[in-house]
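Read through the structure below, which is laid out as structure tokens, and then see the notes.
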Amino acid sequence: MRPDVERMIGESPVFLRTLEQVSLVAPLEKPVLIVGERGTGKELIASRLHFLSNRWESHFLKMNCAAISESIMESELFGHEAGAFTGATKTHHGRFERAHGGTLFLDELATTSMLVQEKLLRVIEYGEFERVGGNKTLNCDVRLIAATNQDLPRLADEGRFRADLLDRLAFDVLTLPPLREREEDILLLAEHFAINMAKELDRELFAGFSGDVQDQLINYDWPGNVRELKNVVERCVYRTEPEDEVAEVIFDPFTSPWRPGAYENGGPGQPTVSAELPVDLKEHIKVTEINLIDNALEHAKHNQRKAADLLGLTYHQFRGYVKKYNLVGGNADEE
Ligand SMILES: Nc1ncnc2c1ncn2[C@@H]1O[C@H](COP(=O)(O)OP(=O)(O)OP(=O)(O)O)[C@@H](O)[C@H]1O
Ligand SMILES: [Mg+2]
């Protein structure tokens, strides 16, 4: 019997359309590329693709390309022969060999070197490869699923990703919607994570979110998407007494008047309106801008659109500042 595919929560039209696309593409023997901002559920979708495919009884192997140094990437993927390099005492079977008959999920694919990309192209095209240090050509039957949060066509235009590999991989592309475009799903997911957290804490029930907290969750921008929501909700739940409803939400756990650096240049949240001369004008303007943005974010309960309004900026101008100064806990670099 096919195991239950891990439940994915969501009822918004964009999310349901994505799931439909997953069901359609899953049974095909073709590579799939999953694209999405961080925390949007790429890994969950990859395993769904495998378990809805005809390979579901065979292996599902994963490899995070960003977590493996370039020097060992090749041998991790394709294996090596004994004696291929110092320390290679035994034959090593790579991910492609071990995934034979099943699915291999390559996460954060954009970080692979050109050499590895060339070899990937060959294995996708012909199912052929050699172990590092070997001259025997091996064959494998592996379905490849890759994920990235980068804009691969742009990287290909800039010569930083092989365009021919992109063509092969992108038989179909699943682009996962960011949470801020799935407003209907926010409270569903929040409730789901809260109930699980309450169980984990051996609590009998979860008493719910106050109306104000629900509004804040819906209005927040969620730059870290579902993973961020999960963290925020779990933090709220454990900080609230078991029988109370959650009445306070902390989006940024680093928020503190004692955060290192908070006192530099006049303290947090204090718009600097005057300064004694001589003054470093650029630094002064920077500090003033950061303070005003922090203030606006706090007033807007971390809703970036509202904060932009408070500063008379468009949302895009506001995001420009957030990026420039790496604000919002460094979260703002992936839009
Ligand atoms: N629709 C969903 N229903 C339930 N849980 C979800 C859903 N989408 C994502 N999650 C949960 O959110 C977290 C992040 O998901 P996942 O690791 O798949 O995202 P990702 O896109 O691979 O993130 P990253 O880019 O950071 O690697 C996981 O804990 C996952 O279980
Ligand atoms: Mg991931």
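Per-structure values
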{"read-out": "Selection within segment 24-37 - near ligand 1 (Cβ under 10 Å from one of its atoms) and either touching a Lys or Arg at 6+ places or on another chain (Cβ under 7 Å) or at pLDDT below 95 (or both)", "value": "ILE34, GLY36"}
{"read-out": "Inter-residue pairs, beta-carbon under 6 Å, first small (Gly, Ala, Ser) and in segment 22-42, second outside any loop (DSSP other than H, G, I, E, B) and within 15 Å of ligand 1 (Cβ to nearest atom), 6+ apart", "value": "ALA26/LEU49; GLY36/LYS42; GLY39/ASN225; GLY39/VAL226; GLY39/ARG227; GLY39/GLU228; GLY41/VAL226"}
{"read-out": "Matching residues, segment 203-226, being out of contact with any Lys or Arg (no Cβ under 6 Å at 6 or more places or on another chain) and aromatic (Phe, Trp, Tyr)", "value": "PHE206, PHE209, TYR220"}
{"read-out": "Residue within segment 122-134 that is within 16 Å of ligand 1 (Cβ to nearest atom), touching a helix residue (DSSP H, G or I) at 6+ places or on another chain (Cβ under 6 Å), part of a helix (DSSP H, G or I) and on the phi < 0 side of the Ramachandran plot present", "value": "no"}
{"read-out": "Matching residues, segment 35-49, being among the basic types (Lys, Arg) and more than 19 Å from LEU61 (Cα to Cα)", "value": "ARG38"}
{"read-out": "Subset of segment 44-86 that is among the β-branched types (Val, Ile, Thr) and without any contact (Cβ under 8 Å) to a residue 12 or more places away in the chain - its residue that is farthest from ligand 1 (Cβ to nearest atom)", "value": "THR86"}
{"read-out": "Conditions (1) buried (at least 21 other Cβ atoms within 10 Å of the Cβ); (2) part of a loop (DSSP other than H, G, I, E, B); (3) within 16 Å of ligand 1 (Cβ to nearest atom): number failed by PRO177", "value": "(1)"}
{"read-out": "Selection within segment 11-46 - crowded, with 17+ Cβ neighbours inside 10 Å and of a type in the set (Gly, Ala, Ser)", "value": "SER12, ALA26, GLY36, GLY39, GLY41, ALA46"}
{"read-out": "Residue that is surrounded by the most Cβ atoms within 10 Å (Cβ to Cβ) [pool: residues in segment 148-165 that are touching a Leu at 6+ places or on another chain (Cβ under 7 Å) and in contact (Cβ under 8 Å) with a residue 24 or more places away in the chain]", "value": "LEU165"}
{"read-out": "All positions within segment 62-95 that are under 19 Å from the mean Cα position of the chain (by Cα) and surrounded by 14 or more Cβ atoms within 10 Å (Cβ to Cβ)", "value": "LYS62, MET63, ASN64, CYS65, ILE68"}
{"read-out": "Per-region count, segment 34-52, residues in contact with a helix residue (DSSP H, G or I) (Cβ under 9 Å, 6 or more places away or on another chain) and either away from ligand 2 (no atom under 14 Å from the Cβ) or of a type in the set (A, V, I, L, M) (or both)", "value": "6"}
{"read-out": "Candidates LEU217, LEU174, LEU229, filtered to the one that is farther than 30 Å from ASP244 by Cα and modelled with pLDDT of 95 or more", "value": "LEU174"}
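Each row is one residue, and each column tells you yes or no for (1) surrounded by 14 or more Cβ atoms within 10 Å (Cβ to Cβ); (2) touching a helix residue (DSSP H, G or I) at 6+ places or on another chain (Cβ under 9 Å).
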position	(1), (2)
ARG182	yes, yes
PHE193	yes, yes
LEU201	no, yes
VAL226	yes, yes
GLU241	no, no
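The rows are residues; the columns are (1) within 13 Å of ligand 1 (Cβ to nearest atom); (2) part of a helix (DSSP H, G or I); (3) among the β-branched types (Val, Ile, Thr); (4) over 25 Å from the mean Cα position of the chain (by Cα).
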residue	(1), (2), (3), (4)
ALA194	yes, yes, no, no
ASP202	no, no, no, yes
GLN214	no, yes, no, no
LEU217	no, yes, no, no
PRO223	yes, no, no, no
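The values are calculated or read from the model by the stated rules, or taken from the named source; none is laboratory data. Keep in mind that what you see is a predicted model, and the values were worked out from it rather than measured. Glycine also receives a Cβ, built like all others from the backbone with ideal geometry; neighbour counts cover every protein chain displayed.
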